[in-house]
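Contents: one structure, followed by commentary.
The values are calculated or read from the model by the stated rules, or taken from the named source; none is laboratory data. In this text the structure is predicted, and so the values were computed from the model without any measurement. Neighbour counts are summed over all protein chains in view; Cβ atoms, including those assigned to glycine, are modelled from backbone coordinates with ideal geometry. Note: areas computed on protein heavy atoms with side chains; ligands, DNA, RNA excluded. Shrake-Rupley method; radii C 1.70, N 1.55, O 1.52, S 1.80 Å.
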Amino acid sequence: MSFNNVTIAIAKGRILEGAQNLWRKSGLPWPVDNDSRQLWFAPQKERPGMLIARARDIPTLVGMGIADLGIVGLDILEEYPNTHVLQVADLSFAHCRVVLAGQKNQWPEGPTRIATKYQRIAQTYFSVHRHPVEMVPLSGSLELAPVIGLAPYIVDIVDTGNTLRQHHLTEIATILESSARLIANASHWRTKPELAQVRQVLQSE
Amino acid sequence: MDEWLNQNRREYELMMMVINQFLAQGFYPVPTAPAQAGHYREDHTQSILELLSSFPESHIQFPLQVFSLGPVYDPGYGRWAETIDVEILGAGGAQHEVLALELIMRLIATWPNLASGTLMVLGHLGLLNQVLATESVPDVTAAQILAALRSGNLVTAETLMTHMAPASRRLLMSQPFAEFLEIFRKILPEADFEHLSRLEKVVHQHVETRWDLSLTGNWSYYTDLVFSLYLKDVGQPVLNGGRFIQDIHGRAWQGVGFTLYLDPLYQAVRQEMGSLIP
């Protein structure tokens, strides 16, 4: 199998760490030097090319066909859906949850504010539950929002829940169970048979 | 600046060339608005059919061949795409699938490079439903599988199909017609292979084909054949389409339609345009 014609975009952070393990277990050479800031690795016969980018940019890079495949969390795919992207495998690492949390383990009473970086996921969730909410868009340090009085509830991603506990916050409901997903450009997936082979290699672990 | 102006000029020359081809083949233009009720237009079909529905049914002669042009908003790319939307309307059923593919192939035959640089993928919702019924998949689960495929979620679709025969699941992989047909004959020996073979023949004499039942089209109104013409190595479709039934104010419209995306079409044929346009 040759990977000369395949490029994969991988999200920075936990996804990249998990991808490195999966890559090595699958017998593919890992091109990234942890001490380097290089973000682009051209494809070679023995491994696909690699692009390292911010998680929320991965669906765009794949949807535009810049990368054939991508590895990114389900939370990002749900928050930034892209009609040109197919979800082709659950890679079963980087497990985490998008949760509703607050200072008390109590469902909001009446209209309330929700601080979140997942506005779409949160809005959909509260629409389903027919509960009126006002979104406060934040890009980080969400757990501060209830502490400083910005919003009594947050919708955020948690792994172990330690950060929430440190800020005296309690999980009220799990909105989404997330894990790393292999995604593909819809056109490339249906026209490049080698992409299915990459999926097979990565799923063999 | 000259280069930019000339490129724009050539893109419009291409659009006019395609429009003239449709006019010459008896298609009528239908003007549609780019936005309705606060929503950007993502598809022309609904607007075309709403306009046509304002005429009494007795005044319409079928098959009716129409097209509409103008940009549609593509939320996937977050940008507007210049398109031509073509509809063959009437109760022609499967025969209209052949007509639509023949029309597309006549268009493709205009540009030899387009034929060699593209690949058509064909799916079929009617056949997918037959496979799910043969596998005794409950209606609720079948609807979930279709919804997952429409949203591009193969993970959920494959999970819901875990209990199905491996051969049935293989139909969700893009493959050449011969392989697709071989699997299909085993699963659905009663299916209309003659029609499938005819569709394949119409397309394959011009462009490479693959068949893939995970292709369900962008819109929920598709009922049977769906197809996408992809530019190899570019990652964008040149056209998407399929056979549909749409209910507009109580009137059921059926036909086959497709949307032609002019930007990727231009990318594919720009080398050849000099020799085709005086």
In the stretch B:165-180, which residue that is open to solvent by less than 20 Å² (accessible area, probe 1.4 Å) and free of Cβ contacts under 8 Å to residues at least 40 places away in the same chain is nearest to the other protein chains (Cβ to nearest Cβ)? B:Gln175
Answer with yes or no whether B:Leu213 is more than 11 Å from chain A (Cβ to nearest Cβ), within 24 Å of B:Val140 (Cβ to Cβ) and in contact with a His (Cβ under 8 Å, 6 or more places away or on another chain). yes
Restricting attention to the stretch B:46-92, which residues are in contact (Cβ under 8 Å) with a residue 24 or more places away in the chain, within 14 Å of chain A (Cβ to nearest Cβ) and part of a loop (DSSP other than H, G, I, E, B)? B:Pro75
Quick test of your reading of the structure: B:Gln267 fulfils all but one of (1) within 14 Å of chain A (Cβ to nearest Cβ); (2) outside any helix (DSSP H, G or I); (3) open to solvent by 10 Å² or more (accessible area, probe 1.4 Å). Name the failing condition by number. (2)
Which residues, counting only those in the stretch A:79-111, are within 14 Å of another protein chain (Cβ to nearest Cβ) and basic (Lys, Arg)? none
Only one of B:Leu99, B:Leu149, B:Leu132, B:Leu122 is farther than 20 Å from B:Leu14 by Cα, in a strand (DSSP E or B) and either open to solvent by less than 30 Å² (accessible area, probe 1.4 Å) or modelled with pLDDT of 90 or more (or both); which? B:Leu122
For the stretch A:112-122, give me each residue that is more than 14 Å from chain B (Cβ to nearest Cβ) and of a type outside the set (Ser, Thr, Tyr). A:Arg113, A:Ile114, A:Ala115, A:Lys117, A:Gln119, A:Ile121, A:Ala122
If you go through the stretch A:145-158 one residue at a time, do you hit one that is within 14 Å of another protein chain (Cβ to nearest Cβ), buried (at least 19 other Cβ atoms within 10 Å of the Cβ) and closer than 22 Å to A:Val72 by Cβ? no
Within the stretch A:159-189, track down each residue that is assigned to a loop (DSSP other than H, G, I, E, B) and within 14 Å of chain B (Cβ to nearest Cβ). A:Ser179
Check whether at least one residue in the stretch B:26-45 is touching a residue at least 40 places away in the same chain (Cβ under 8 Å), open to solvent by less than 60 Å² (accessible area, probe 1.4 Å) and assigned to a helix (DSSP H, G or I), and report yes or no. yes
Would you check which residues across the stretch B:220-236 are touching a His at 6+ places or on another chain (Cβ under 9 Å), farther than 10 Å from A:His188 by Cα and either at the interface with another protein chain (Cβ under 10 Å from one of its Cβ atoms) or open to solvent by 20 Å² or more (accessible area, probe 1.4 Å) (or both) and list them? B:Asp224
Within the stretch A:190-205, which residues are part of a helix (DSSP H, G or I) and open to solvent by 70 Å² or more (accessible area, probe 1.4 Å)? A:Gln197, A:Gln200, A:Gln203
Answer yes or no as to whether B:Val256 is within 12 Å of chain A (Cβ to nearest Cβ), in contact (Cβ under 8 Å) with a residue 12 or more places away in the chain and outside any helix (DSSP H, G or I). no
Quick check on the stretch A:41-48. Is at least one of its residues more than 28 Å from A:Leu195 (Cβ to Cβ), away from chain B (no Cβ under 14 Å) and either of a type in the set (A, V, I, L, M) or free of Cβ contacts under 8 Å to residues at least 24 places away in the same chain (or both)? no
